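Shown next, in structure tokens, is the structure this report addresses.
Nothing in this text is a laboratory measurement; each read-out follows from the coordinates by a stated rule. Because the structure is predicted, anything quoted here is derived from the model rather than measured. Please note: Cβ atoms are built from the backbone with ideal geometry, for glycine as well, and neighbour counts cover all protein chains shown.
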Amino acid sequence: MSILLKGGRVVDPSRNLDSVKDILIEEGKIAAIADSIEGTAGETRVVRLEGKVVLPGLVDMHTHLREPGYEYKETIRSGSEAAAAGGFTSIACMPNTDPVNDSRAVTEYIVKRAGECNLVHVYPVAAISLKSEGRTLAEFGDLKEAGAVAFSDDGKPVMDSGLMRRALEYASSLGLVITPHCEDLYLSAGGLMNEGRISTELGLPGIPTLAEEVMIARDLLLAEYTGAALHISHVSSAGSVRMIRDAKARGIPVTAETAPHYFTLTDETLRDFDPSFKVNPPLRSPLDRKAIREGLRDGTLDVIATDHAPHAATDKEVEFEYAASGISGLETALALSLRLVEDGLLTLSELVRKMSANPAKILNIPGGALLPGADADITVFDPDRSWVVDPLSWRSKGKNSPFFGWTLKGKVFMTLVKGRIVYSED
Amino acid sequence: MKWERKDLLGIKDLSGEEISLILDTAESFLEVSTRDIKKVPTLRGKTIINFFVEASTRTRTSFEIAGKRLSADTINISASTSSLVKGETLSDTAKNLEAMNPDVIVIRHSCAGAPHMLARLVRQSIINAGDGTHEHPTQALLDMMTIRNRKGTLSGLNVTIVGDIAHSRVARSNIYGLNKMGAHLTVAGPATMMPREIRELGVKVSFRLEEALQDADVVMMLRIQTEREQRNIFPSLREYSAFYCLNGDNIQRARQDVLVMHPGPVNRGVEISPEIADGANSVILEQVTNGVAVRMALLYLLTGAIE
């Protein structure tokens, strides 16, 4: 059975394509892209997409699937369903599970479970150090063979600069990227929100932008010295953007991502002590948000990733201090990012690059382009459809969204992975 | 002016008129505590729960006395005796308290924002008796009452607050309140005790006690939390007291009729020398007396407002 996507506006930045095209999918692959394709009656399912936008499948290089260990927050299945509903055809999942993904066994388990779910491509990111304890390097080679595409101690930053140096060097010899969570734990100790005017008002212990920037500075120096590829996770501050911009100008092999909440929200939202807004790194000041947006515009920030961090109500509906950090982001990321296009900050094509081609390239995984012969990983969204964010209706188990009740424009209409419809609005 | 709020969560949200209303109401209750029979029937049949999820003796006692002098039934629950130690969440405890139909819940909690969470969860009036390092509104109100009684006004006074501003809910509530009432504020202490962008809250910052005391009408000394020493907020108590202890010498820089205040409990010889704590300028015990009147006023206003 073949599928014919007919009459949609096809946007593929890899080929500077932005026009109405038909796409024929056969045996899971893109068979043809042309101005007009007629399907064989009876054998082709025709999907009319007038007014819809067709993209290379979105790639989220920073997701938490929580399985194994925290299945009450999310599972590989529920997270994959959420990804499909959010328009993502590939996701990379962080290693802070229980047990930590620091071994072939855990990586293989994730790959196997994802295969059983058979929804979106799931690429494990493995731990830099055993148990993410920052002491002993994990078996990168073995992990790579098992399917790991990058290394990170997300949530448990590597404080030992010597270990970080070795991790960068060792990963580079395998051709894989290190994607650190940059936070100096001494500077952030005890902190609950961005340190600044609002934390002073609220009397909440602060996490200074400095905690992020000191570590980014270190990791940029290490990347420069070793020549190893570095991808900086969830950039949140103006100083970080500035340093990464300068580093790129000097030719350091660095890429960087931010998440929708950092270009959408600020620490002013914390005035009600609502734990939905608690996230790490924390929401920063309006000046930081402005710099993040500028970094996206000028290309300093290569990728928009969700940092999808699902939590159960029992983790969030407690005192602010005790609440878990994180935002469930897979099902709002595209619509929030489309606001950047609405605001004139990015063209749709540039946005798609940051949510598809760039992350695929950094992780060296397939995807990011609509090419005949490639897997038919395709995202279709309705640009005019307004919708109200209601996490209770989500596929993700994590209902922890600060965007509850927001009206957003642009809704995923259909997601195809290897030519199979894994999500559809109908 | 009529009181319309369900809760008292902080001073930041109050208007100057609301603060004046509380202080005026407190004045009228001051006299009750001087009677032979210290009880009025105002809140007979009302139930007040003092829910203290952080150790406190004087604030809890003050609220309890305030409730009892108004003839309310007051019940104290503290963290060590409550179900919180058994792992019950704040929201479950809140729902249980609500189900027993009290009229007011007074909460002290080590987490900033806990009273706000409680206020969202239950229909009863909530009074914040101190939340983390956020606010301690009744302390600021009793401080303002004490100053107003002595000076006749709050407007135009030079008020200096000395100590660990970053970690003080007393300082925050007083900064909010005194600013609204037109006082001129200076905060003093080493830079490690100054929260980020504190000037944005409308205060002058001084790192030298002598400078901060110049022409002060009121000086509030904050209690030093000795556990901060371990986090390098200051090197040692010895050094702190050498530079920031209010004593007979440096107080000369302040106005002659300066009021010396302290929220208690006092570390004698650390933030304030004994002769100053007990001296003619000290109003520390008046603060405690006024605390009962302010809390009576709030219980009265809040229970009246929800009828």
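What FRET efficiency comes out for A:ARG135 versus B:VAL205 if R0 is 41 angstrom and r is the Cβ-Cβ distance? Round to the nearest 0.05.
0.45
Averaged over peptide B:193-200, how many Cβ atoms belonging to another chain are found within 10 Å of each residue's Cβ?
Taking the mean over all residues of the peptide, I get 5.
Place a label point 7 angstrom from the Cα of A:ARG250 along the Cα-to-Cβ direction, then list the residues of the stretch A:133-163 whose backbone nitrogen is under 19 Å away.
A:161-162
Sum up the charges of everything whose Cβ sits under 13 Å from the Cβ of A:LEU220, counting Lys and Arg as +1 and Asp and Glu as -1, but leave A:LEU220 out.
Details: positive: A:ARG165, A:ARG218, A:ARG242, A:ARG245, A:LYS248, A:ARG250; negative: A:GLU212, A:GLU213, A:ASP219, A:GLU224, A:ASP246.
It works out to a net charge of +1.
Just subtract the alpha-carbon distance of B:ASP215 and B:LEU237 from 0.36 nm times their residue separation and send over the number in nm, one decimal.
5.2 nm
Mind giving me the FRET efficiency for A:LEU17 and A:ALA189? R0 is 56 Å, r the Cβ-Cβ distance, nearest 0.05 is fine. Don't skip to the answer; put the middle values down first.
Numbers: r = 49 Å, r/R0 = 0.88.
FRET efficiency, A:LEU17 to A:ALA189: 0.70.
Percent relative contact order of chain B, based on C-alpha pairs within less than 8 angstrom and at least six residues apart?
Dividing the mean separation by the residue count of chain B yields 20 percent.
Residues with amide H under 5 Å of A:GLY51's amide H, sequence separation 5 or more or different chain, H placed in the peptide plane at 1.01 Å from N; which?
Amide H neighbours of A:GLY51: A:ARG9.
Which parts of the stretch B:252-275 would a label at B:THR192 reach, counting a residue when its backbone N lies under 18 Å from a point 7 Å out along Cα-to-Cβ?
B:270-271
In peptide A:318-324, what is the residue-averaged number of other protein chain Cβ atoms found within 10 Å of each Cβ?
Values: counts 6, 15, 9, 7, 4, 3, 0.
Average neighbour count from other chains, rounded to a whole number: 6.
Amide H neighbours of A:HIS234 under 5 Å, counting only residues 5+ apart in sequence or on other chains, H built in-plane at 1.01 Å?
Distant-sequence amide H within range of A:HIS234: A:GLU257.
What distance in nm separates the two pseudo spin-label positions at B:ASP92 and B:ASN247, each 7 Å out from Cα along the beta-carbon direction?
5.3 nm
In nm, to one decimal, how far is the modelled label at B:TRP3 from the one at A:MET159, with both set 7 Å along Cα→Cβ?
4.8 nm
How would you rank B:141-154, A:240-253, highest first, on the average number of other Cβ atoms within 10 Å across their residues?
Details: B:141-154: 21.2, A:240-253: 18.0.
The most tightly packed comes first, giving B:141-154, A:240-253.
Which pairs in the list A:LYS290/B:LYS6; A:LYS248/A:LYS409; A:LYS131/A:LYS397 are over 28 Å apart, alpha-carbon to alpha-carbon?
A:LYS290/B:LYS6; A:LYS248/A:LYS409
Enumerate the calculated ³J(HN,Hα) couplings along the stretch A:252-267 in order (Karplus 6.51 cos²θ - 1.76 cosθ + 1.60, θ = phi - 60°), each rounded to whole Hz, writing x wherever the residue is Gly or Pro.
6, x, 10, 10, 8, 10, 9, 10, x, 5, 6, 9, 10, 10, 10, 5
Taking Cα pairs under 8 Å and at least six residues apart, what relative contact order does the stretch B:99-252 come out at, in percent?
19 percent
Quick one: if you stick a label point 7 Å off each Cα along the C-beta vector at A:THR314 and A:GLU26, how many nm between them?
5.3 nm
So how strong a dipole does the stretch B:181-281 carry about its Cα centre when Lys and Arg Cβ are +1 and Asp and Glu Cβ are -1, to the nearest 20 debye?
280 debye
Could you tally the net charge around A:GLY410, taking each other residue with its Cβ under 11 Å from the Cβ of A:GLY410, Lys/Arg +1 and Asp/Glu -1? Don't jump to the answer; show the numbers that get you there.
Working: positive: A:LYS52, A:ARG339, A:ARG385, A:LYS409, A:LYS411; negative: A:GLU342, A:ASP382, A:ASP384.
Overall, the nearby charge balance is +2.
Could I get the Rg over Rh figure for the stretch A:1-144? Both from C-alpha atoms, Rh via Kirkwood, rounded to two places.
My calculation of the ratio gives 1.11.
Quote the FRET efficiency, to the nearest 0.05, computed for B:ASP257 versus B:SER110 with a Förster distance R0 of 56 Å and r equal to the Cβ-Cβ distance.
0.90
Please list, ordered by chain and number, the residues whose modelled amide H lies under 5 Å from the amide H of B:HIS184; skip anything fewer than 5 residues away on the same chain.
Sorted by chain and number, the residues that satisfy this are B:GLY156, B:LEU157, B:ASN158, B:VAL159.
With Cβ to Cβ distances under 11 Å as the rule, what net charge do the other residues near B:ARG5 carry (K, R +1; D, E -1)?
Local net charge: -2.
Between the stretch B:107-152 and the stretch A:285-309, what's the alpha-carbon centroid distance in Å?
Computed from Cα coordinates, the inter-centre distance equals 38 Å.
When the Cα atoms of chain A are enclosed in a convex hull and the volume is divided per residue, what value in Å³ results?
Per residue, the Cα convex hull of chain A comes to 125 Å³.
Which translational diffusion coefficient, to the nearest whole µm²/s, is obtained for the stretch B:191-258 from the Stokes-Einstein equation, given a Kirkwood hydrodynamic radius over C-alpha pairs, 37 °C and 0.692 mPa s? Walk me through the numbers on the way to the answer.
Details: Rh = 13.4 Å.
Translational diffusion coefficient: 245 µm²/s.
Any idea what log10 I(q)/I(0) is at q = 0.12, 0.19, 0.20 Å⁻¹ for the stretch A:180-280, Debye with uniform C-alpha scatterers and no solvent?
-0.42, -0.91, -0.98
Over 20 Å intervals from 0, what percent of Cα-Cα pairs in the protein assembly as shown sits in each interval?
Result, from short to long distances: 16, 41, 29, 13, 1, 0 percent.
Let me check against my output: what whole-number percent is the relative contact order of the stretch A:216-259, with C-alpha pairs under 8 Å and at least 6 apart?
Computed value for the stretch A:216-259: 49 percent relative contact order.
Rounded to the nearest angstrom and ordered from largest down, what semi-axes does the equivalent ellipsoid of the stretch A:322-426 get from its C-alpha gyration tensor (root of 5λ)?
They are 24, 17, 16 Å, listed largest first.
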